[in-house]
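Beneath this line is the structure, given in structure tokens, with notes to follow.
The values are calculated or read from the model by the stated rules, or taken from the named source; none is laboratory data. Everything numeric in this text was worked out from a predicted model, so none of it was measured. Because the Cβ atoms are built from the backbone with ideal geometry, glycine has one as well, and the counts that use them run over all protein chains shown.
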Amino acid sequence: MTLANTKLYAQRRAALAQRIGVGSIAIIPTAHEQQRNRDSDFLFRHDSYFYYLAGFTEPKAWLVITGDGHSTLFCQPKDREREIWDGLRLGPEEAPQALGVDEAFSSAELDAKLPALLDGRESVWYPFATHKGLETRIDGWLCGLRARVRYGTLAPEQQRDLCGVLDEMRLVKDTHEQDVMRRAAKISAGAHVRAMQRCAGMLRAGLEVREYHLDAELLHEFRQHGSQYPAYGSIVAAGANACVLHYRADAGRVQSGELVLVDAGCELDGYASDITRTFPANGVFTGPQRTLYELVLASQAAAVSATKPGARFTDPHDAVVRVLAQGMLDVGLLDKNKAGSVDDVIEKRAYFQFYMHRTGHWIGMDVHDCGVYTEPSEIGQVSERRDALTGDTIRDRPARILRAGMVLTIEPGIYVRPAEGVPEAFHNIGIRIEDDAIVTATGCELISRDVPVSVAEIEALMRS
């Protein structure tokens, strides 16, 4: 860890201390190790809140921050025998200098030392509903304090959720975070390029192509360029599989003349990327494929234009829906005589048959990153409406106002399953185009465009 990063995490801890206030204490554990099978664990991945404040990736660690800015780390002690098996540990002796925390102890001392750290605090903050058993652990420490009230101990009277405070801090990315996310997006874009070219090349050579072959190309490119792991399970969906939104890379055969939808991104130094591209397996779009692809691309362009400071989070989605709704009428996916005008399609949500998800989400340390989607200053403004499809009553609050430094995905799509009245030429075509966007002072920066997106660019790439 560089000195600059050590200072960065110290600044975040100081900012958190200021937000919770003097008299408070915050307790943040890292993630639990998870058993995969009888004698093996899943690859460990730290808790995002913990890493955001500590920059530390070892398991069995806890961070405690008091309202006056004092930070204490509990981590695994040095253990020569265990380090032979599991790798080197930082240890509490080296942690203060390496991580910039004020003091550090063995995690084995957590239960003994936490009551004293809690003593006299007005409130204890911790992330609610994120770590199984955490509430019980804290209750145990508080019970121990209350058992000693005759000796002058004072237990915190309030327990408060730390998620909201940290979510607001994490929502706007600083320059360091943005730089890491640009690098992650660049690696992921290269992986998509590799998968496109490999697919076309194998088919031209007369080789069988399976979805897992393309998944392997993605994984190779991620690790080749220093990514620690995929940010999520890659979606590699050929043909009709592309109409399954959360399909996972499997054994489906990739056939010439079909489209392939790849939704994949790497995680780099704790930050995710998330890119989707849809391309013709053999490198050439058919007429119907091109028609729908260019419709989705036009809707994404409208969403990109709507992504800027001062706009609402929902504005890109509304822009996508209007373009797609009009396009569905124009190409015959929706019957104008039955669906009516574009405004009718939007009001009745008739487009939902072919486009059933939102256009984006926050992205950062988590693929679907933390942060509320409602504008905090306007939470009290509530309106009700009846959903046109379900009849349910929906309570709406004003959407979040976009600010420079927020990072979100822009991912319109169209998914055509065979159905009565749907032109057969479009059956089993699934298309999604997704890019990662940093909101800037004047608009947004698409950080994932190192992989082609236009029809001409994709076909040219795959010819090479």
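Examine the range 174-182 for a residue that is over 30 Å from residue 279 (Cα atoms), touching a residue at least 60 places away in the same chain (Cβ under 8 Å), part of a helix (DSSP H, G or I) and not basic (Lys, Arg), and state whether such a residue exists.
Taking the range 174-182 and keeping what is over 30 Å from residue 279 (Cα atoms), we get 174-177.
With touching a residue at least 60 places away in the same chain (Cβ under 8 Å) added as a condition, the list becomes 174, 176-177.
Restricting the remaining residues to those that are part of a helix (DSSP H, G or I) gives 176-177.
The next check asks that each one be not basic (Lys, Arg); those that pass are 176-177.
Scanning the range 174-182 turns up at least one residue that is over 30 Å from residue 279 (Cα atoms), touching a residue at least 60 places away in the same chain (Cβ under 8 Å), part of a helix (DSSP H, G or I) and not basic (Lys, Arg).
What's the number of the condition residue 208 fails, among (1) surrounded by 23 or more Cβ atoms within 10 Å (Cβ to Cβ); (2) under 30 Å from residue 287 (Cβ atoms)?
All conditions are met except number (1).
Which one of 58, 33 is assigned by TED's automatic domain parsing to the domain that holds residue 129, surrounded by 17 or more Cβ atoms within 10 Å (Cβ to Cβ) and more than 20 Å from residue 128 (Cβ to Cβ)? Show your work before the answer.
Numbers: 33 fails: surrounded by 17 or more Cβ atoms within 10 Å (Cβ to Cβ).
When all the criteria are applied, what remains is 58.
What pairs come out if I take residues in the range 217-237 that are hydroxyl-bearing (Ser, Thr, Tyr) and pair them with residues that are part of a loop (DSSP other than H, G, I, E, B) whose C-beta lies under 6 Å away, six or more apart or interchain?
If the second residue must be part of a loop (DSSP other than H, G, I, E, B), the pairs left are 232/367; 234/249.
Is it true that some residue in the range 424-432 is loosely packed, with under 13 Cβ neighbours inside 10 Å and either basic (Lys, Arg) or in contact (Cβ under 8 Å) with a residue 60 or more places away in the chain (or both)?
Going residue by residue through the range 424-432, those that are loosely packed, with under 13 Cβ neighbours inside 10 Å are 424.
Checking which are either basic (Lys, Arg) or in contact (Cβ under 8 Å) with a residue 60 or more places away in the chain (or both) leaves us with none.
So far as the range 424-432 goes, no, none of its residues is loosely packed, with under 13 Cβ neighbours inside 10 Å and either basic (Lys, Arg) or in contact (Cβ under 8 Å) with a residue 60 or more places away in the chain (or both).
Okay, residues lined up against (1) exposed (fewer than 11 other Cβ atoms within 10 Å of the Cβ); (2) assigned to a loop (DSSP other than H, G, I, E, B); (3) of a type in the set (Lys, Arg):
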| site | (1), (2), (3) |
| --- | --- |
| 352 | no, no, no |
| 367 | no, yes, no |
| 370 | no, yes, no |
| 377 | yes, no, no |
| 380 | yes, yes, no |
| 385 | yes, no, yes |
| 390 | yes, yes, no |
| 395 | yes, no, yes |
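Count, please, the residues in the range 268-295 that happen to be surrounded by fewer than 24 Cβ atoms within 10 Å (Cβ to Cβ) and either under 30 Å from residue 57 (Cβ atoms) or not assigned by TED's automatic domain parsing to the domain that holds residue 427 (or both).
So the answer is 3.
Working carefully through the options 269, 250, find the one that is modelled with pLDDT under 95 and more than 19 Å from residue 414 (Cα to Cα).
Details: 269 fails: modelled with pLDDT under 95.
Step by step, each of 269, 250 is checked, and only 250 is modelled with pLDDT under 95 and more than 19 Å from residue 414 (Cα to Cα).
Could you please let me know if residue 310 is of a type outside the set (A, V, I, L, M), outside any strand (DSSP E or B) and buried (at least 21 other Cβ atoms within 10 Å of the Cβ)?
On the way: of a type outside the set (A, V, I, L, M): yes; outside any strand (DSSP E or B): yes; buried (at least 21 other Cβ atoms within 10 Å of the Cβ): no.
Judged against the criteria, residue 310 is not a match.
Regarding the range 165-173, can at least one residue be identified that is of a type in the set (Asp, Glu), at pLDDT 95 or above and within 19 Å of residue 447 (Cα to Cα)?
Looking only at the range 165-173, we keep the residues that are of a type in the set (Asp, Glu), and these are 167-168.
Applying the additional criterion that residues be at pLDDT 95 or above yields 167-168.
Then keep just the ones that are within 19 Å of residue 447 (Cα to Cα); that gives none.
No, because not a single residue in the range 165-173 is of a type in the set (Asp, Glu), at pLDDT 95 or above and within 19 Å of residue 447 (Cα to Cα).
Tally time: how many residues in the range 406-431 are assigned to a strand (DSSP E or B), touching an Asp or Glu at 6+ places or on another chain (Cβ under 6 Å) and farther than 19 Å from residue 190 by Cβ?
Residues of the range 406-431 assigned to a strand (DSSP E or B): 406-410, 413-416, 429-431.
Next cut, touching an Asp or Glu at 6+ places or on another chain (Cβ under 6 Å) only: 409-410.
Of the ones still in play, those that are also farther than 19 Å from residue 190 by Cβ are 410.
Residues meeting the conditions: 1.
Tell me which of these residue 337 doesn't satisfy, since it passes every other one: (1) in contact (Cβ under 8 Å) with a residue 40 or more places away in the chain; (2) over 28 Å from the mean Cα position of the chain (by Cα).
Every listed condition holds for residue 337 apart from (1).
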